[in-house]
Amino acid sequence: MTKALAVHRDRPPVGFNAWRSAGVAWQITQALLVFAVLGWLVWRGIDAMEYRWQWYRVEPFFYREIDGEIIWGPLVRGLILTIQIAALAGALAIVIGFLTALARLSGSFAGRVLAKVYLEAIRNTPLLVQLFLVYFVLAPIIGIDRFWAGVLCLALYEGSFAAEIIRGGLRGIDRGQYEAADAVGLSTWDKYRYIIVPQSMPLVLPPLTGLLISTIKHSAIVSVIALAELTTQGLNLVSNTFMAFEVWFIVAGIYLVLTVSLSFAVTLFEHYLNKPKR
Amino acid sequence: MTPSPLVEISGLCKWYDDFSALYDISLTVAEGEKVVICGPSGSGKSTLIRCINQLEGHQQGSIRVAGQEVRPGMKGIEAIRREVGMVFQSFNLFPHMTILDNLTIGPIRNRGMGRAAARALAMEYLNKVRISEQADKYPPQLSGGQQQRVAIARALCMQPRVMLFDEPTSALDPEMIAGVLEVMETLARDGMTMIVVTHEMGFARRVADRVVFMDEGEIVETAPPEAFFSAPRTNRAKLFLGQLLAH
Ligand SMILES: Nc1ncnc2c1ncn2[C@@H]1O[C@H](COP(=O)(O)OP(=O)(O)OP(=O)(O)O)[C@@H](O)[C@H]1O
Ligand SMILES: [Mg+2]
């Protein structure tokens with residue numbers, strides 16, 4: 001049996017949209033229910049442990065006011081350092097990734113081998129071991145402090161992933177674009193700067209955002225070389241105040257806010273990039 | 001003696017791995033001369049003209065453009081490329097730039113021309129290819145024929161001494177072809193040196209000084225267009241022309 005065709009082709013039949021929004025509402029309700037149950041379980045668990053919440057004590061973790069002057073607390077200072085580390089490491093990772101991608105796509109045998117060795121070495125050893133290698137071995141040799149050791153280690157690690165993302169982006173550009181750029185006499189630098197990179201932006205931006213978010217999260221690992229970023233400050237606060245639950249909830253919350261607002265900002269930027277063309 | 005040739009190819013050989021794409025090609029093109037290259041698919045026509053501006057590197061023989069030797073991987077290839085304009089079968093405009101920016105990037109970045117001067121030059125060539133109203137649009141907004149005319153203008157903006165065309169009309173809808181050929185004929189009348197890979201016999205008859213027929217990576221026959229199309233000397237050329245006319 002065939003159904004009668006809808007009367008209006010440009011409009012779904014009456015009730016279709018209502019049915020669909022009812023579906024969305026039910027999904028949201030489901031999600032809320034799941035969260036409510038989970039929250040209740042956690043709460044009961046904590047209650048059963050007779051944990052004594054001391055939320056009133058957390059304000060000085062962020063800031064203190066002394067004589068009308070604001071002194072930033074450990075969490076804010078840690079957050080700032082985390083942002084600094086992640087921003088520098090992220091930027092450096094993109095540079096490393098770009099160079100590695102170029103080396104892998106290049107005609108130079110040495111370049112390809114070097115790139116491959118770097119990628120395999122980074123991917124097949126634990127990040128923690130890499131950190132110790134950079135901090136205890138490389139840093140004294142090239143004379144950098146723990147801050148730059150942390151940044152460098154993260155950059156090398158994330159750079160290996162950036163390389164694959166950027167390589168994909170560069171290969172996604174039609175060969176004719178490279179040839180046209182060559183034919184109008186652009187130098188290699190100009191070719192990438194004006195023709196190839198701008199066109200691969202829409203391809204690489206979403207995965208690179210994911211990469212920057214990982215960089216923020218992975219930056220927690222530099223707490224093991226006692227760099228006073230967010231996680232280190234969290235550890236210190238817990239050992240001083242024994243307020244483990246409050247502190248770790250807050251620290252996780254700060255990371256969450258940081259990463260979510262980053263992806264939001266990038267989404268806005270993508271919209272801006274996509275707007276004027278075509 | 002005639003002035004020294006603009007493009008001078010001798011004993012050119014090119015391999016892709018162990019596949020011989022070009023073998024012992026010698027071809028000399030004088031200033032102002034128009035050469036049409038034709039031949040069956042895979043005969044090496046594209047490879048030959050792409051060697052001239054080193055989009056492909058050759059392994060043997062020599063190529064000279066305006067007296068300068070062109071070598072694979074050479075430094076300063078940009079200086080030679082500015083003497084050699086190229087038009088591709090698939091246009092290859094930069095889709096993320098306006099038509100005007102497509103035209104000005106070469107003069108600005110390669111010739112170091114000022115922005116205003118480059119714009120004026122670009123508008124002049126856009127007028128020549130009759131497309132100046134579209135200057136602020138993006139390539140995907142234009143028809144194929146318009147895009148190809150923009151591509152010709154982009155190449156001309158470098159003020160090259162020789163223009164290479166690789167089947168410039170074969171990706172176009174039939175009704176677009178005439179406009180592009182017209183632009184090319186005007187260019188020829190203005191005295192541009194041109195090397196054109198095409199199977200447009202009418203164009204070859206009207207414009208070419210010589211037709212070069214290639215097969216299997218070699219130049220099989222070179223003749224004036226009338227002679228070539230009406231009385232090809234070699235069997236391979238006869239076979240090819242027969243197939244071309246059968247279409
Ligand atoms: N990058 C490459 N790698 C390997 N072989 C190639 C490559 N480019 C071209 N060839 C081969 O070289 C030969 C000549 O190719 P070319 O593109 O020059 O032919 P053509 O005469 O332009 O043909 P068409 O009329 O189809 O454009 C072909 O057999 C082709 O398969
Ligand atoms: Mg071809």
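Okay, here's what the table says:
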read-out	value
The one condition in (1) at pLDDT 95 or above; (2) away from ligand 2 (no atom under 16 Å from the Cβ) that residue B:18 fails to fulfil	(1)
Segments classed as strands (runs of 3 or more DSSP E), wholly inside the range B:3-48, with at least 1 members that are within 13 Å of ligand 1 (Cβ to nearest atom) and surrounded by fewer than 18 Cβ atoms within 10 Å (Cβ to Cβ)	B:7-16, B:19-29
Looking only at the range B:160-194, and only at residues there that are within 16 Å of ligand 1 (Cβ to nearest atom) and open to solvent by 30 Å² or more (accessible area, probe 1.4 Å), the one that is farthest from residue B:145 (Cα to Cα)	B:167
Residue match in the range A:178-191 (condition: of a type in the set (Val, Ile, Thr) and outside any helix (DSSP H, G or I))	yes
Which listed residue, of B:57, B:44, is more than 16 Å from ligand 2 (Cβ to nearest atom) and over 20 Å from residue B:155 (Cα atoms)	B:57
For residue B:85: the one exception among (1) open to solvent by less than 10 Å² (accessible area, probe 1.4 Å); (2) of a type in the set (Gly, Ala, Ser); (3) within 15 Å of ligand 1 (Cβ to nearest atom)	(3)
Test set (1) closer than 22 Å to residue B:104 by Cα; (2) modelled with pLDDT under 95; (3) touching a Leu at 6+ places or on another chain (Cβ under 8 Å) - residue A:195 fails condition number	(2)
Hits in the range A:138-172 - residues which are open to solvent by less than 40 Å² (accessible area, probe 1.4 Å) and within 14 Å of chain B (Cβ to nearest Cβ)	A:169
Odd one out for residue A:123 among (1) open to solvent by 50 Å² or more (accessible area, probe 1.4 Å); (2) under 19 Å from the mean Cα position of the chain (by Cα); (3) touching a residue at least 40 places away in the same chain (Cβ under 8 Å)	(3)
Selection status of residue B:108, farther than 25 Å from residue B:236 by Cα, within 14 Å of chain A (Cβ to nearest Cβ), without any contact (Cβ under 8 Å) to a residue 24 or more places away in the chain and away from ligand 2 (no atom under 16 Å from the Cβ)	yes
Test: residue in the range B:214-226 that is among the β-branched types (Val, Ile, Thr), open to solvent by 50 Å² or more (accessible area, probe 1.4 Å) and under 28 Å from residue B:125 (Cβ atoms)	no
Residue B:76 vs. criteria modelled with pLDDT of 95 or more and away from ligand 1 (no atom under 16 Å from the Cβ)	no
Answer residue from the range A:199-215, given it is within 10 Å of chain B (Cβ to nearest Cβ) and open to solvent by 50 Å² or more (accessible area, probe 1.4 Å) and is nearest to residue B:75 (Cα to Cα) among those	A:201
Residue A:28 farther than 24 Å from residue A:255 by Cβ, within 30 Å of the chain's Cα centre (by Cα) and loosely packed, with under 12 Cβ neighbours inside 10 Å	yes
Among (1) within 14 Å of chain A (Cβ to nearest Cβ); (2) away from ligand 1 (no atom under 16 Å from the Cβ); (3) not in a strand (DSSP E or B) - the single one residue B:90 does not satisfy	(2)
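Listed here are the residues, each with its yes/no results for (1) within 10 Å of chain B (Cβ to nearest Cβ); (2) in contact (Cβ under 8 Å) with a residue 40 or more places away in the chain; (3) open to solvent by less than 50 Å² (accessible area, probe 1.4 Å).
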position: A:116; (1), (2), (3): no, no, no
position: A:174; (1), (2), (3): yes, no, no
position: A:182; (1), (2), (3): yes, no, yes
position: A:195; (1), (2), (3): yes, no, yes
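The values are calculated or read from the model by the stated rules, or taken from the named source; none is laboratory data. Remember, predicted model here, so these are calculated numbers, not experimental data. Positions of Cβ are generated from backbone atoms using ideal geometry, with glycine treated the same way; all protein chains shown enter the neighbour counts. These accessible areas exclude ligands, DNA and RNA; they are computed on the full protein's heavy atoms, side chains included. Shrake-Rupley method; radii C 1.70, N 1.55, O 1.52, S 1.80 Å.
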